[in-house]
Amino acid sequence: MMRSWALAWQLARRFRRGRERSGFLSFISASSTIGIALGCTVFIAGLSVMNGFADVLEERFLKLVPHIQFTAVEGALQYPETIFQLAEQHPEVVAARPVIRTQGLVQKGREFVGVQVTGLDPSTPHAISEYMSARSWQALHEPGAMVLGADLAAKLNLTVGDKFTLVVASERGFQAPKRQALTLAGTFRFGGQVDHQLGYVSLATARQLVGMEQGITGVELELSALFAAERVANEIGYQLQDYVFLEHWMRAQGHLYRDIQMVRTVMYLVLVLVLAVACFNIVSTLVMTVQEKRRHIGILRTMGMRAGGLVKIFVLQGLQNGMLGIAVGVVAGSLLSLNLPALLTLLESFTGSSLLASDVYFVDRIPVRLQAMDILWVATVALLLSLLATLYPAWQATRISVVKAISA
């Protein structure tokens, strides 16, 4: 059995590399290999970028976005301790943090820029502390101190220690706004639109901004399982005494995750179609090879080779083209994925513009994560399509008349 396959492999190589092959047939054969290689390269790189975006969304962006948030319908929460008790008892809740959120306008001179203000307890761990200096985080304890995104501070030409005015809406809205003098205690650098939109103060400073003497307006919950957000929010929310707005990340930011998954699905479909087109050249190559090698096929049949042996020869010939393209594509796709961030940075330096505008997208750099399963998936699909492309030409070879082939 092994000998028959070894013989078929050697004959397939001779048919594929025969000196008498026409230039056009060689071109078609090379085109099929190059097409498969390019298809594998592009899709390994594309899937790696999708993996990178998913990782950034789950591991970075959703650290700042509350997994679940309960916000008072009006004013402060009346029974916040109930939320903390229920959160502590729930096995999937990792942490619960008190917050006060509001929106305002940062004024420096005649310039106004919108900012989303979050009042938090600096003594409670928060993900944003990882993206600012320890000094800036500790400075939030000081009354009237605020930490802004680095890009927002740069836009307003503010440096640490500068005074500025924060304008927030009163009960009558911005028709009679409230102004509060604040000091820039530091900046944070997270990346993307976060650096253009967010600012942090202590709970005490936030109470002054919204006109509260005590209490909080909301509670944020951090979960161990991101995709349990909706279920956990409902389980806890239905037990609360307060009237609250119930929010979770899948409702507020879930479109980002769904967009990534949709693009990934589309890429899988396009992968099959593009590789199918590339493998179509294998069909053309083998059909032309069968016609060109009619005399050789006749001789092999007279020497006792059965139809199954001929099928093996042409199947293996097509697979040799496919496997060569797959090998080149896997290596090239892996190298491109590993070096893509550096290549894009180099491209940005030449063009002088950013591919991802940091004030629009939640990241300002294209992330990449190469995954072995993606490589295996692409290679498997390409190999199966290459195999399917060989079946019809191999079957056609078995139908050639021995007498006509030899006498031709």
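The values are calculated or read from the model by the stated rules, or taken from the named source; none is laboratory data. Source: prediction; values computed, not measured. Positions of Cβ are backbone-derived with ideal geometry, glycine not excepted, and every protein chain shown enters the neighbour counts. Just the protein is used for accessible areas: all its heavy atoms, side chains included, with ligands, DNA and RNA removed. Shrake-Rupley method; radii C 1.70, N 1.55, O 1.52, S 1.80 Å.
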Which condition number in (1) open to solvent by less than 10 Å² (accessible area, probe 1.4 Å); (2) out of contact with any Leu (no Cβ under 9 Å at 6 or more places or on another chain); (3) of a type in the set (S, T, N, Q) is the one that residue 205 fails?
(2)
Conditions (1) modelled with pLDDT of 85 or more; (2) aliphatic (A, V, I, L, M); (3) in contact with a Phe, Trp or Tyr (Cβ under 8 Å, 6 or more places away or on another chain); (4) outside any strand (DSSP E or B) -> residue 42 fails only (3)
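More than 15 Å from residue 101 (Cα to Cα), touching a Phe, Trp or Tyr at 6+ places or on another chain (Cβ under 8 Å) and open to solvent by less than 40 Å² (accessible area, probe 1.4 Å): does that describe residue 223? Don't jump to the end; show me each part of the working.
Working: more than 15 Å from residue 101 (Cα to Cα): yes; touching a Phe, Trp or Tyr at 6+ places or on another chain (Cβ under 8 Å): no; open to solvent by less than 40 Å² (accessible area, probe 1.4 Å): yes.
Criteria not met by residue 223.
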Which of the residues belonging to the stretch 315-352 are closer than 13 Å to residue 365 by Cα and among the β-branched types (Val, Ile, Thr)?
345
List the residue pairs whose Cβ atoms are under 7 Å apart, where the first residue sits in the stretch 129-150 and is more than 13 Å from residue 206 (Cβ to Cβ) and among the small types (Gly, Ala, Ser), the second is open to solvent by 80 Å² or more (accessible area, probe 1.4 Å) and at pLDDT below 90, and the two are 6 or more positions apart or on different chains.
150/189
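In this structure, is residue 154 under 17 Å from residue 118 (Cβ atoms) and free of Cβ contacts under 8 Å to residues at least 60 places away in the same chain?
Working: under 17 Å from residue 118 (Cβ atoms): no; free of Cβ contacts under 8 Å to residues at least 60 places away in the same chain: yes.
No.
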Across the stretch 100-117, which residue is farthest from the chain's Cα centre (by Cα) among those that are under 17 Å from residue 72 (Cβ atoms) and buried (at least 21 other Cβ atoms within 10 Å of the Cβ)?
100
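Restricting the stretch 140-152 to residues that are open to solvent by less than 10 Å² (accessible area, probe 1.4 Å) and under 13 Å from residue 182 (Cα atoms), which is farthest from the chain's Cα centre (by Cα)?
First, pick out the residues of the stretch 140-152 that are open to solvent by less than 10 Å² (accessible area, probe 1.4 Å): 140, 145-149, 152.
If we keep only those that are under 13 Å from residue 182 (Cα atoms) too, we end up with 140, 145-148.
Working: 140: 34, 145: 36, 146: 32, 147: 29, 148: 27 Å.
Out of the qualifying residues, it is 145.
For the stretch 57-80, give me each residue that is assigned to a helix (DSSP H, G or I) and either of a type outside the set (A, V, I, L, M) or buried (at least 20 other Cβ atoms within 10 Å of the Cβ) (or both). Before you say what the answer is, go through the steps one by one.
Going residue by residue through the stretch 57-80, those that are assigned to a helix (DSSP H, G or I) are 57-64, 80.
Those that are assigned to a helix (DSSP H, G or I) and either of a type outside the set (A, V, I, L, M) or buried (at least 20 other Cβ atoms within 10 Å of the Cβ) (or both): 57, 58, 59, 60, 61, 62, 63, 80.
Considering the stretch 184-198 alone, what residues qualify as being crowded, with 20+ Cβ neighbours inside 10 Å and touching a helix residue (DSSP H, G or I) at 6+ places or on another chain (Cβ under 7 Å)? Explain how you work it out, then say what you get.
In the first step, residues of the stretch 184-198 are kept if they are crowded, with 20+ Cβ neighbours inside 10 Å; the result is 184-188, 190-192, 194-196.
Correct list: 184, 185, 186, 187, 188, 190, 194, 195, 196.
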Considering residues of the stretch 157-170 that are over 16 Å from residue 200 (Cβ atoms) and at pLDDT 85 or above only, the residue least open to solvent (accessible area, probe 1.4 Å)
167
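For (1) among the hydrophobic types (A, V, I, L, M, F, W, C); (2) touching a His at 6+ places or on another chain (Cβ under 9 Å); (3) in contact (Cβ under 8 Å) with a residue 60 or more places away in the chain, each residue gets a yes or a no:
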site: 212; (1), (2), (3): yes, no, yes
site: 217; (1), (2), (3): no, no, yes
site: 221; (1), (2), (3): yes, yes, yes
site: 224; (1), (2), (3): no, no, yes
site: 232; (1), (2), (3): yes, yes, yes
site: 235; (1), (2), (3): no, yes, yes
Can you say whether residue 54 is in contact with a Leu (Cβ under 6 Å, 6 or more places away or on another chain), assigned to a helix (DSSP H, G or I) and within 28 Å of residue 371 (Cα to Cα), as far as the supplied structure shows?
no
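Among what's in the stretch 388-408 and is of a type in the set (A, V, I, L, M, F, W, C) and surrounded by fewer than 16 Cβ atoms within 10 Å (Cβ to Cβ), pick the residue that is modelled with the highest pLDDT. Show your work before the answer.
Just the residues of the stretch 388-408 that are of a type in the set (A, V, I, L, M, F, W, C), to begin with: 388-389, 391, 394-395, 397, 400, 402-403, 405-406, 408.
If we keep only those that are surrounded by fewer than 16 Cβ atoms within 10 Å (Cβ to Cβ) as well, we get 388, 391, 395, 402-403, 406, 408.
Numbers: 388: 85, 391: 80, 395: 77, 402: 59, 403: 56, 406: 59, 408: 52.
Filtering first and then ranking leaves 388.
Tell me whether the stretch 230-237 contains one or more residues that are open to solvent by 20 Å² or more (accessible area, probe 1.4 Å), in contact with a strand residue (DSSP E or B) (Cβ under 9 Å, 6 or more places away or on another chain) and at pLDDT 80 or above.
Looking through the stretch 230-237, at least one residue is open to solvent by 20 Å² or more (accessible area, probe 1.4 Å), in contact with a strand residue (DSSP E or B) (Cβ under 9 Å, 6 or more places away or on another chain) and at pLDDT 80 or above.
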